[in-house]
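Trainee: Below you will find the structure I want to go over with you.
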Amino acid sequence: MTAMHRKVWFRLRQSLMGSFITKPQPKPLVFVGPGSTAQLSQAIGRFGLRRIMVVTDKPLRELGVLDPTLKALQDAGVETAVYDGVLPDPTEQVVDNGIDFYHRERCDSVLAFGRGSSIDAAKVIALGAANGCKTAACLGAKKCKLPAVPFFAVPTTAGTGSEATFIAVISNNETHEKGGVIDPSLIPKAAALDPEVMRGLPAHITAATGMDALTHAIESYIGRWETDETNYYGLAACRLVFDNLAAACRDGSNLEAREAMALASHYGGLAITNALVGYVHAISHNLGAKYGIPHGLGNAMVLPHILELLREDAADKLADIAVYCGMGERSEPAPALARKLIDKVWELNREIGIPPGSDAIREEDIEALVAAAITEGGSYPSPRFITEAECRTLLHAIKA
C-alpha cells in the first residue's frame, strides 16, 4: 500500500469510527471532594443493590486504603465481595477470572476501586457478567447485546479519566498486545473523585498520571473530532494540571491540589470519550505492550516530542491552550504562543521528575515499534499524519 493509499484508507477509517465515537454519550453521576467515596456508597445502597463485587489490586487492599469504602458500603446495607487479582495492564485471563468470581459470589453490581487498570478490568467484568461471556467476546466496538451490570468507580489516581470513558484496554494473555472494548454501558452509573484515597500516592506516580491527564486534554483539543463540549473539558483540564500537578507532587497531603487533579483527570476522560486521542497514545501504548512502561510515564515522555512535530499544524489550537492557561496574550502570534505551551510542557516534565527517556527501549525493536505506532496512530484524529521517519527519530530521542 502506498503512502497516499494508506492516508486515504486511514481517513476513511477515521470517518467511520468518528460516526460512532462522536455521538453524545452518557455521563456518570459524580461525587467530588473529601468523603465523596462515602457519598457514593450511600447512593449505591439507595439504588437497591445488595451485593457488590469490588475490583481492586492486592497492594491497595493490603495497605488498608480500601477499608473505609468497605465500611461505608456495609453501613449503607451493601454486602461486598472483594476481587483483588488486578495487575497493571490487566490481561484477558485476569478479567475472565473476575467474571467467574462475580457469578460465584452471586453479585448484582461492580465497583472499581483503584488505578486505570482496575477500572478497565472492572468495566469488562461488568459487561461480560451481564452477557454471560468472557473477555474475548467483548473485544471491539459494541460487541455485546446486553448493557453492563450496574457499575461504579472510585479512581485512586488522577490520570486516566477511565471513570468517564466507554473504552477499556485489556492485554492479550500471551503477546500482551492491547485490545479495546468499546461500549457506552462501560461508563459507570456514578463515581467518586475523592482526594482522600489519593493522599498517599507516591510523587512519581502522581507525576506520571498527571501527565496522562494533560495528554488527554491536549490531544482531545488539537484533534479533528473536537466539539465545543470536548474543548470546554480539555481547556479546563489543561489549566488544572498546569496549576496543580507540581503542588500535588511536592506535597501528597495537599487535598486541594489532589482534588483539582482528580477533576483534571475526569475532564480529560470526558474529552477523549468523544474527541479521542492521538500519536502520543499510539506510541505510548506500544511502549507499554513491549516493555511494560507505565502508560502515564510513556505519555509524559512522548508528549513534548509529538507537540514539536505538530507545532505548525496545530499552532492555532496550541495557542488557544496557552492563552487559556495564562502563558500569553491573544494578541501574540499563534506560533509564538504554541512555542510557549510546548516549552511549558518540557519545563513541567523536568519540574516533576519525568525522565527524558527509558533504557528499556532496544534498538532492535525500533522498526517494529514504528510500524505498530504508525498503524495505530493513523486511526486517531490527529491534526496530521506523522511519518515513519518522524516516529523513528522520536523513539531514538527517548531511547536512553
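Trainee: Using modelled amide H (1.01 Å from N, peptide plane; none on Pro or chain starts), what sits under 5 Å from the amide H of Glu79, excluding residues fewer than 5 places away?
Mentor: Arg51, Ile52
Trainee: Looking at segment 29-198, what % of the alpha carbon pairs are farther apart than 28 Å? Intermediate results must be reported in sequence, preceding the final value.
Mentor: Numbers: 1756 of 14365 pairs.
Across segment 29-198, Cα pairs with separations above 28 Å total 12 percent.
Trainee: Right, next: With only Lys, Arg, Asp and Glu charged, each at its Cβ (+1 for the first two, -1 for the last two), find how big the charge dipole of segment 203-398 is about the Cα centre; round to the nearest 20 debye.
Mentor: Using Cβ point charges on Lys, Arg, Asp and Glu, segment 203-398 gives about 140 debye.
Trainee: State, to one decimal in nm², a quarter of the convex hull surface area for the C-alpha atoms of the chain, i.e. the direction-averaged projected area.
Mentor: 18.2
Trainee: While we're on this one: May I ask you to sort Lys23, Lys143, Lys189 by Cβ crowding, counting other Cβ atoms within 10 Å and putting the fewest first? Kindly include the intermediate steps, with their values, before the conclusion.
Mentor: Numbers: Lys23 9, Lys143 15, Lys189 19.
Ordered from fewest to most neighbouring Cβ atoms within 10 Å, Lys23, Lys143, Lys189 come out as Lys23, Lys143, Lys189.
Trainee: Can you list the HN-Hα couplings for segment 153-160, worked out from phi with the Karplus curve (6.51, -1.76, 1.60; θ = phi - 60°), rounded to whole Hz and with x for Gly and Pro?
Mentor: Per-residue couplings from phi come out as 8, 10, x, 9, 10, 10, x, 6 Hz.
Trainee: Same structure again: For segment 203-398, what's the relative contact order in percent, using C-alpha pairs closer than 8 Å and at least 6 residues apart?
Mentor: Contact order relative to length: 27 percent.
Trainee: How would you rank Asp316, Asp212, going from fewest to most other Cβ atoms within 10 Å of each one's own Cβ?
Mentor: Result, fewest neighbours first: Asp316, Asp212.
Trainee: Check Gly140: other-chain or 5+ apart residues with amide H under 5 Å from its amide H, H built from backbone geometry?
Mentor: Gly180, Val181, Ile182
Trainee: Right, next: Treating cross-link reach as a plain straight distance, find the aspartates and glutamates whose alpha-carbon is under 15 Å from the alpha-carbon of Lys290, omitting any fewer than eight places away in the same chain.
Mentor: Asp89, Glu174, Glu177, Asp359, Glu363, Glu364, Asp365, Glu367, Glu376
Trainee: I've got another one for you. How many percent of DSSP beta bridges within the chain run antiparallel, rounded to 5?
Mentor: 20
Trainee: Where is the GNM fluctuation largest for the chain (alpha-carbon springs, 10 angstrom cutoff): Met327, Met53, Met261?
Mentor: Checking each option, the largest mean-square fluctuation is seen for Met327.
Trainee: Moving to a separate point now. How large is the charge dipole for segment 299-362, taken about the Cα centre, if only the Cβ atoms of Lys, Arg (+1) and Asp, Glu (-1) carry charge, to the nearest 20 debye?
Mentor: 120
Trainee: Now for a separate question. Where the only charges are on Cβ atoms (+1 Lys, Arg; -1 Asp, Glu), what is the dipole of the chain about its Cα centre, to the nearest 20 debye?
Mentor: The calculated dipole for the chain is roughly 920 debye.
Trainee: Residue by residue through segment 304-316, which ³J(HN,Hα) values in whole Hz follow from phi under the Karplus form 6.51 cos²θ - 1.76 cosθ + 1.60 (θ = phi - 60°), with glycine and proline marked x?
Mentor: Result, ordered by residue: x, 5, 5, 5, 4, 5, 9, 4, 7, 5, 10, 4, 5 Hz.
Trainee: Only sites in a loop by DSSP and with at most 15 other Cβ atoms within 10 Å count here; which GluC sites (Glu not before Pro) in segment 134-188 make the cut?
Mentor: Numbers: sites: Glu163, Glu174, Glu177; in loops: Glu174, Glu177.
Hits after loop and neighbour filter: Glu174, Glu177.
Trainee: Would you grab the residues whose amide H sits under 5 Å from the one on Phe31? Only those 5+ places off in sequence or on another chain, please, with H modelled 1.01 Å from N.
Mentor: Ala191, Ala192, Leu193
Trainee: How large is log10 I(q)/I(0) at q = 0.13 Å⁻¹ when the Debye formula is applied to the Cα atoms of segment 36-122, each weighted equally and without solvent?
Mentor: Values returned for q = 0.13 Å⁻¹ are -0.38.
Trainee: Sticking with this structure for a sec: Compare Asn97, Asn286, Asn231 in a GNM of the chain, Cα atoms joined below 10 Å, and give the one with the largest fluctuation.
Mentor: Its mean-square fluctuation being the largest, the pick is Asn97.
Trainee: With n ≥ 4 as the cut-off for DSSP H runs, can you work out [θ] at 222 nm for the chain, using -39500 (n - 2.57) per run divided by the number of residues, rounded to the nearest 500?
Mentor: Rounded to the nearest 500, it is -17500 deg cm²/dmol.
Trainee: On to the next question. Step through the residues of segment 215-231 one at a time and calculate ³J(HN,Hα) from phi using the Karplus curve (6.51 cos²θ - 1.76 cosθ + 1.60, θ = phi - 60°), rounding each to whole Hz and writing x for Gly and Pro.
Mentor: After applying 6.51 cos²θ - 1.76 cosθ + 1.60, I find 4, 4, 5, 6, 5, 5, 6, 8, x, 8, 10, 5, 10, 4, 5, 5, 5 Hz.
Trainee: Shifting gears a bit: Using only the Cα atoms of segment 203-398, what do you get for the radius of gyration and for Dmax, in Å?
Mentor: Rg and Dmax of segment 203-398, Cα atoms, are 15.7, 47 Å.
Trainee: Same structure again: Any idea what diffusion coefficient segment 125-192 gets from Stokes-Einstein, in µm²/s, Kirkwood Rh on alpha carbon pairs, 10 °C, 1.306 mPa s?
Mentor: Translational D for this selection: 127 µm²/s.
Trainee: Between segment 223-278 and segment 74-109, what is the C-alpha centre distance in whole Å?
Mentor: Spelled out, the Cα-based centre of one part sits 29 Å from the other.
Trainee: Of Ala371, Ala264, Ala76, which has the largest mean-square fluctuation in a 10 Å C-alpha GNM of the chain?
Mentor: In the Gaussian network model the winner is Ala371.
Trainee: Oh, and also: Farthest toward the dipole's positive end in the chain, which of Gly128, Ala368, Val82, given Cβ charges of +1 (Lys, Arg) and -1 (Asp, Glu) about the Cα centre?
Mentor: It is Gly128.
Trainee: Which GluC sites (Glu not before Pro) does segment 249-341 hold that lie in a coil by DSSP with at most 16 other beta carbons within 10 Å?
Mentor: Values: sites: Glu256, Glu259, Glu308, Glu312, Glu329; in loops: Glu312, Glu329.
Passing both the DSSP loop test and the Cβ count: Glu312, Glu329.
Trainee: Among Asn349, Asn244, Gly269, which residue has its Cα furthest toward the positive end of the charge dipole of segment 203-398, with +1 on Lys/Arg Cβ and -1 on Asp/Glu Cβ?
Mentor: Asn244
Trainee: Which pairs, out of Lys317/Lys399; Lys27/Lys145; Lys123/Lys344, put more than 25 Å between their alpha-carbon atoms?
Mentor: Beyond 25 Å: Lys317/Lys399; Lys123/Lys344.
Any read-out appearing in this document is the output of simple, stated calculations on the displayed coordinates, not a laboratory observation. Since we're looking at a predicted model, the values are computed, not measured. Virtual Cβ from ideal backbone geometry, glycine too; neighbours counted across all protein chains shown.
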